[in-house]
1. Among the residues in the stretch 101-110, are any in contact with a strand residue (DSSP E or B) (Cβ under 7 Å, 6 or more places away or on another chain), outside any helix (DSSP H, G or I) and either among the small types (G, A, S) or modelled with pLDDT of 80 or more (or both)?
2. Go through (1) at pLDDT 80 or above; (2) surrounded by 11 or more Cβ atoms within 10 Å (Cβ to Cβ) and name the single condition T44 misses.
3. Please identify the pairs in which a residue from the stretch 59-88 that is more than 19 Å from I24 (Cβ to Cβ) has its Cβ atom under 7 Å from the Cβ atom of a residue that is surrounded by fewer than 14 Cβ atoms within 10 Å (Cβ to Cβ) and modelled with pLDDT under 85, counting only partners at least 6 apart or on another chain.
4. Return the residue satisfying two criteria in turn: it lies in the stretch 47-63 and is among the hydrophobic types (A, V, I, L, M, F, W, C) and surrounded by 15 or more Cβ atoms within 10 Å (Cβ to Cβ), and of such residues it is nearest to L11 (Cα to Cα).
5. Could you please let me know if S28 is part of a loop (DSSP other than H, G, I, E, B) and surrounded by 10 or more Cβ atoms within 10 Å (Cβ to Cβ)?
Amino acid sequence: MNLSNGAQSSLVTAFGLLVAIVAIVVFSGKLGWFPSFGMITPDTYTQFRDAPFWRPYLTGDFAMHYLLPFAVIVIRYTYLPLLIMRTSVVETSGRTSAVGESRSGRTLSV
């Protein structure tokens, strides 16, 4: 199936969005491991109201809010190099053969 570049780009984007939505539903909604929105919880924000602007970023609460989006982005961009490597292997294995000679003079076929 041949798709245009626009259609391929749309499918890649839709895949990333789908992974993000499923991650939010599973890990935030069902399991309750991560918060589903916001940068920090309102209670944490009120604790650091008079602190320097960078202080809330050093809390564990911020880390919990940051971890799920970061993991989804890592998953999103990890599969692209794997897809390129797979395509290279398929293209290479599709060749008829690569012929060379070993040191002993025998012909090698790969």
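1. Yes, the conditions are met somewhere in the stretch 101-110.
2. All conditions pass for T44, except number (1).
3. Pairs that qualify, where the first residue is more than 19 Å from I24 (Cβ to Cβ) and the partner is surrounded by fewer than 14 Cβ atoms within 10 Å (Cβ to Cβ) and modelled with pLDDT under 85: there are none.
4. Going through the stretch 47-63, the residues among the hydrophobic types (A, V, I, L, M, F, W, C) turn out to be 48, 51, 53-54, 58, 62-63.
Next cut, surrounded by 15 or more Cβ atoms within 10 Å (Cβ to Cβ) only: 48, 62.
Numbers: F48: 42, F62: 32 Å.
Among those residues, the one meeting the criterion is F62.
5. Numbers: part of a loop (DSSP other than H, G, I, E, B): no; surrounded by 10 or more Cβ atoms within 10 Å (Cβ to Cβ): yes.
It is false that S28 is part of a loop (DSSP other than H, G, I, E, B) and surrounded by 10 or more Cβ atoms within 10 Å (Cβ to Cβ).
For (1) at pLDDT below 80; (2) assigned to a loop (DSSP other than H, G, I, E, B); (3) touching a Phe, Trp or Tyr at 6+ places or on another chain (Cβ under 9 Å); (4) loosely packed, with under 10 Cβ neighbours inside 10 Å, each residue gets a yes or a no:
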position	(1), (2), (3), (4)
N2	yes, yes, no, yes
F15	yes, no, yes, no
V22	no, no, no, no
L67	no, no, yes, no
R86	no, no, no, no
E91	yes, no, no, yes
T96	yes, yes, no, yes
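The values are calculated or read from the model by the stated rules, or taken from the named source; none is laboratory data. Because the structure is a prediction, the values reported are computed rather than measured. Using ideal geometry, Cβ is built from the backbone for each residue, glycine included, and neighbour counts are taken over all protein chains shown.
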